[in-house]
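What follows is one structure encoded as structure tokens, with my remarks underneath.
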Amino acid sequence: LYLHPVVETKLVVDTSRGETLRINFDVTFPAIACSILSLDAIDISGEQHLDVKHDIVKKRLDVNGNVIEVRPDGVGSRKMEKPLQRQGGRLEHNETYCGSCYGAESIDGECCNSCEEVRDAYRKKGWAMSNLDLIEQCKREGFFQKIKDEEGEGCNIYGSLKVKKVAGNFHFAPGKSFDQSNIHVHDLQAFRKNRFNLSHTINRLAFGDHFPGVVNPLDGVQRMQKQPIGMYQYFIKVVPTMYKDENGHTIQTNQFSVTEHFKGAERGLLDNLAGVFFIYDLSPIKVTFAEGHVSFLHFLTNVCAIVGGVFAVSGIIDSCIYHGQKAMEKKMEIGKFN
């Protein structure tokens, strides 16, 4: 009791301002390819991080869950060997390639030298790409062949997000995301599919650093999609937490609670909403855990109380035994005289 530290818990109002929230995640999708899957983060302040690639790693998985390839996020593009100029003809030694953005240029003379750059230019304009067969860069890089080669594969995506400490959501969904008339949508036309199996396993989800005794309720959660199309929603209440050990080291982190909901629909009615959404909000109450030792005087008082209690109980037991024995002796003496 005296040598081991005790943890004292307090609830206080969270007065911190201007901080960021780090979200660590590791999610496996056994039936959707890495080239299809994208990650977006949006908060109520209006800030959007679309098709996040920074600090994100994807693992291609075969049907048995074995790792095929590990790579940073992004489909990537192959090196162009003797690419065509916009006006036609092969490049000479000192010439540079400038591919067309097909009407999505934000400034005159802007170049889109890969399929991904063309798709990004369309996303910034809020346009959907109806036919990638007509995009020279996509044909050259074998975009559709890459998607076809990864058909039937799964994907393990892990990494971290750093977002503002305000309510918001981040979600995994198929297709390239963009805003159209202030509505967040995903362009699925490039993949030529109207059904995506978003069955998933959440290997780890944490808001901040680990601390002793923390329980992340979504770790190890597995969900299997039974309807053709649907949206998984996890509503998360994030509780700011501070843990201070006996040496004075402080960990500023978070705990969370969660409720979940699946929103399904028939095929073709909910295409733009297919995905796994984590909608989080922050609690105004902060929990503090502080390790410490009880004072020697308190420890001595507890020891005296324990010793006094032992003596009191011993006296009661001794008195019961003594009086019981006397009563038995009296009964035995009465029996002899009779």
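The values are calculated or read from the model by the stated rules, or taken from the named source; none is laboratory data. Because the structure is predicted, anything quoted here is derived from the model rather than measured. Heads up, the Cβs are rebuilt from the backbone with ideal geometry, glycines too, and the neighbour counts pull from every protein chain shown. Remember, those area values only see protein heavy atoms, side chains included, never the ligands or the DNA or RNA. Shrake-Rupley method; radii C 1.70, N 1.55, O 1.52, S 1.80 Å.
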Number of positions in segment 132-145 that are modelled with pLDDT under 75 and under 23 Å from Tyr97 (Cα atoms): 6
Contacts under 6 angstrom Cβ, first residue in segment 47-68 being under 22 Å from Ala167 (Cβ atoms) and not assigned by the TED database to the domain that holds Ile23, partner part of a loop (DSSP other than H, G, I, E, B) and of a type outside the set (D, E, K, R), 6 or more apart: none
Selection status of Phe207, at pLDDT below 90 and either assigned by the TED database to the domain that holds Asp55 or closer than 30 Å to Thr253 by Cα (or both): no
Hey, Ile44 closer than 18 Å to Ile279 by Cα, surrounded by fewer than 18 Cβ atoms within 10 Å (Cβ to Cβ) and in the same structural domain as Arg223 (by the TED database) or not: yes
In segment 62-117, the residues that are at pLDDT 65 or above and open to solvent by 100 Å² or more (accessible area, probe 1.4 Å): Val63, Asn64, Thr96, Ile107, Asp108
Qualifying position, being out of contact with any Lys or Arg (no Cβ under 6 Å at 6 or more places or on another chain), more than 19 Å from Leu61 (Cβ to Cβ), modelled with pLDDT of 90 or more and among the β-branched types (Val, Ile, Thr), among Val221, Val239: Val239
Qualifying positions in segment 45-62 - over 19 Å from the mean Cα position of the chain (by Cα) and within 20 Å of Tyr280 (Cβ to Cβ): Ser45, Gly46
Residue check for Glu333: in a helix (DSSP H, G or I), charged (D, E, K, R) and open to solvent by less than 100 Å² (accessible area, probe 1.4 Å): no
Residue list for segment 201-250, restricted to those being free of Cβ contacts under 8 Å to residues at least 60 places away in the same chain and of a type in the set (A, V, I, L, M): Val214, Val215, Leu218, Val221, Met224, Ile229, Met231, Ile236, Val239, Met242
Count of segment 299-325 residues which are open to solvent by 90 Å² or more (accessible area, probe 1.4 Å) and under 30 Å from Thr9 (Cβ atoms): 1
